[in-house]
Amino acid sequence: MKKAVFPGSFDPVTLGHIDIISRSLPLFDEIVIAIGINAKKNYMFSVDERKKFIQNAFFAEQKITVETYTGLTVDYCKTINADFILRGLRNPADFEFEKAIAQTNRKLSGIETVFLLTSAETSFISSSIVRDVVKNGGDASILLPKSVSEYLKKE
Ligand code: ADP
């Protein structure tokens, strides 16, 4: 059984994340979308909101579960018996950052990180840009799955 963890902040989940997750479905039997909780970080959306956004976007997909975790990603992977970490790459900055983490994780635990290259249509999307648009009263719906954009419209 090929089980992968897709770790991230997902504050909020964007069409960029959705693209990576959807394209990874044929590669794995199970994908755990793992929301990392860092007590020192200030998030725009609560853990429950972030979890619901992802669950609602993938409610019909049996392979996907959404969880939260604290501490090292590799420790979390061990706890749930996942052999792969999934990450997305948008640009050279992502690559440099992800390279060091993936190499460290493999040395620490043997866990292999699988990278999917961003799609051309979603390569510019980031949660931080979405947060900026939302904070300033703009409409970020073209960057977001319905589960997030409809929630924002109701607020
Ligand atoms: P983190 O704080 O761990 O970077 P994010 O939620 O920002 O959490 O991102 C989680 C993962 O999703 C990362 O691997 C990131 O590179 C990837 N990702 C984010 N946006 C995109 C996008 N537009 N295209 C491809 N991958 C993306």
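Cβ-Cβ distance of residue 114 and residue 1, R₀ of 22 Å, FRET efficiency by 1/(1 + (r/R0)^6): the value works out to about 0.90.
FRET efficiency for the residue 95 to residue 75 pair, using the beta carbon distance and R₀ = 41 Å, is estimated at 0.95. When the inverse distances between all different Cα atoms of the chain are averaged and flipped, the Kirkwood radius reads 16.0 angstrom.
A DSSP coil position with no more than 14 other Cβ atoms inside 10 Å describes the following GluC sites (Glu not before Pro) in segment 35-143: 61.
Once you reduce segment 21-81 and segment 128-154 to the center of their Cα atoms, the two points are 20 Å from each other.
Restriction of the trypsin sites (Lys or Arg not before Pro) in segment 12-98 to DSSP coil positions whose beta-carbon has at most 13 other beta-carbons within 10 angstrom yields 40, 41. Between residue 106 and residue 59, the contour length at 0.36 nm per residue exceeds the alpha carbon distance by 13.8 nm. Of the chymotrypsin sites (Phe, Trp or Tyr not before Pro) found in segment 95-155, those in coil by DSSP whose Cβ has at most 14 other Cβ atoms within 10 Å are 124.
Every read-out reported here was derived from the displayed coordinates using simple, explicitly stated rules and does not represent laboratory data. Note that this is a predicted model, so its numbers are computed, not measured. Don't worry about glycine lacking a Cβ; one is built from the backbone with ideal geometry, like all the others, and counts go over all protein chains shown.
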